[in-house]
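The values are calculated or read from the model by the stated rules, or taken from the named source; none is laboratory data. Note that the coordinates shown come from a computational prediction; the quantities given were computed from them, not determined experimentally. Every residue, glycine among them, receives a Cβ derived from its backbone with ideal geometry; neighbour counts consider all protein chains shown. SASA here: full protein model, heavy atoms, side chains in, ligands and nucleic acids out. Shrake-Rupley method; radii C 1.70, N 1.55, O 1.52, S 1.80 Å.
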Amino acid sequence: MTAPSVSEQTPPQQSQPEARTKSRWNPRNPWRHPWFLEGFTWLYLIWSLVPIAIAVLFSFNKGKSQSVWQGFSWRWYFKDPVNSVLHNPQLHAAVIQTVRLSVLTTVIAVPLGVAFALGINRWRGPIPSTFNFLMILSFVIPELIFGVAMFFVFTELFTSVHLGTTAEVLALVTWNVSWPAIIVQARLVGLGRHYEEAAADLGANRLTAMRRVMLPLLAPAIFASAVLVFSGVIDDFVIVDLLSSNSGNTPMSVIIYSTQHGGNGGPALNALGTIMLVMSFIIAIIGYIGYRFMTRGERGSRIDALTTIAGGEG
């Protein structure tokens, strides 16, 4: 008997493109292309981003309509002598107040948070564990409850602190100090005590070791927490709404809500919202670039940087 040929022994194999196509469209293949998840992701992005894009587009509308495009113009930003963001006293003051609150809150809350993180990390016992738990309360307590509580604090207890910029800054610092405390403490846990002990072995005292060794190592976490605090204050609404006293200390978020809710909205509010959006994007980009630059000698990816800037571990 003659042996069967090789072609008779092995079944004919499919070409690689045909096999790839069949595995892709086979509903039983767990590794097929996730068309449903990809489509759902695109639908979510369209649903969430298209209204924002339309609002930004009509901030450049030449006319007052928010539904009919009448041509491109910078009228509602600075060209209109009465209703533009630059010339309207209320809108202009809202931009300045937002920047003022963001800067003051960041300058005060970040050093306090770093100090809290260092103290809790160095302190052992039940008391620091309690303080560590209190740092997480701002992520648990609803902001509305906290804002109402701070309103009663400044109107019933500390009446010398009147409603306005000072009360807003104190409340925002209290609310946002948890960000730098938690992020810097997470960085301290990751670093351990080795660098500080090595500096002490080389003759550095505690202050020198903190200034020359620990602070440079903590710089990425400090910077990330500063970005989070600054961007969080920009779009904060509940606290500043409850503690503002007049139009001079009312930020952009409250102006946009109150004016639009009262039925007096227009393209100028779209322009104000666009400025608010651009400020948040600029801070996020600065935070991303700064974090990548500060951690360029460490292992990590772009996803790690975005996670940290968005509130992950420093």
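Points to keep in mind about this one:
- Net charge of neighbours whose Cβ lies under 14 Å from the Cβ of PHE72, counting Lys and Arg as +1 and Asp and Glu as -1: +3
- Low-density loop cleavage sites - trypsin sites (Lys or Arg not before Pro) in the range 155-212, where at most 14 other Cβ are within 10 Å (DSSP): ARG193
- Average Cα contact separation per residue, the range 193-299, under 8 Å, 6 or more apart, as relative contact order %: 30
- The phi torsions of the range 221-231, fed into the Karplus equation with coefficients 6.51, -1.76 and 1.60 and a -60° offset, translate into couplings of 5, 5, 5, 5, 5, 5, 5, 5, 5, 4, 5 Hz, rounded to whole numbers, with Gly and Pro shown as x.
- Trypsin sites (Lys or Arg not before Pro) lying in DSSP loop within the range 47-118, provided at most 15 other Cβ fall within 10 Å: LYS62, LYS64
- Karplus-derived 3J(HN,Hα), 6.51/-1.76/1.60, for each residue of the range 40-54, Hz, glycine and proline x: 5, 5, 5, 4, 5, 5, 5, 4, 8, 9, 4, x, 5, 4, 5
- Protein accessible area in the range 170-220, 1.4 Å probe - carbon and sulfur %: 59
- Relative contact order of the range 179-248: 43 percent, from C-alpha pairs under 8 Å at least 6 residues apart in sequence.
- Given a 1.4 Å probe and the protein chains as shown, SER160 ends up with an accessible area of around 100 Å².
- Environment charge at SER102 (Cβ cut-off 15 Å; Lys +1, Arg +1, Asp -1, Glu -1): -2
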